[in-house]
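Quick notes on the structure that follows.
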Amino acid sequence: MKEHSYQTSLHWTGNKGQGTKNYRAYDRAYEIKVRGKPIILGSSDPAFRGDSNKYNPEELLVASLSSCHMLWYLHLCADAEVMVINYQDRARGKMSDRDGSGKFIEVVLQPEVTITAESDLEQAKQLHHQAHKFCFIANSVNFPVLCQPLVIQGI
């Protein structure tokens, strides 16, 4: 079994001079750094006093599921000689908030894929199921990740 390791650095940038003196005294801003890559500016969701102009952890989780599925799907299509010419996903996550603690209860991926006219449409549809089984992130979460793909055959 292979193991892969990932390192990130997180730095809270929201100290307005009083630290966490009280709940309203600080910003929820932070930076995510990975060596050699652009910094990701983050905050909490605006519902939790965050900045709507920055990525929040919930959005990043949904984006991680969406991108992991896409990367596996493209890999499997390349192996199966299904030529994808466009891919986009409008993923959405649903979180339940009870007594101050939240929990994701579902993420729905809605990839819209265009393949060439010469590609096998049924195989292109089926490969979404296989991609879902291989997605590292989907295999790591404890809530359902649903995939509702639309595959369009181009001219």
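Where a number appears in this text, it was derived from the coordinates with a stated rule and is not lab data. The structure displayed is predicted, hence computed values, not measured ones. Methodologically, a virtual Cβ is constructed for each residue, glycine included, from the backbone with ideal geometry; neighbour enumeration extends over all protein chains shown.
List of remarks:
- Going from the residue with the fewest nearby Cβ atoms within 10 Å to the one with the most, 128, 75 rank 75, 128.
- Fraction of antiparallel bridges per DSSP, the chain only, in percent to nearest 5: 70 percent
- When mean projected area of the Cα convex hull in nm² is calculated for this entry, the matching label among (1) 8.6; (2) 9.7; (3) 12.1 is (3).
- Helix-only CD estimate at 222 nm, as mean residue ellipticity for the chain, using -39500 (n - 2.57) per DSSP H run (n ≥ 4): -8000 deg cm²/dmol
- Axis angle, to the nearest 10 degrees, between helix 121-134 and the longest C-alpha principal axis of the chain: 40 degrees.
- On the basis of the beta-carbon distance and an R0 of 22 Å, residue 1 and residue 110 show a calculated FRET efficiency of 0.10.
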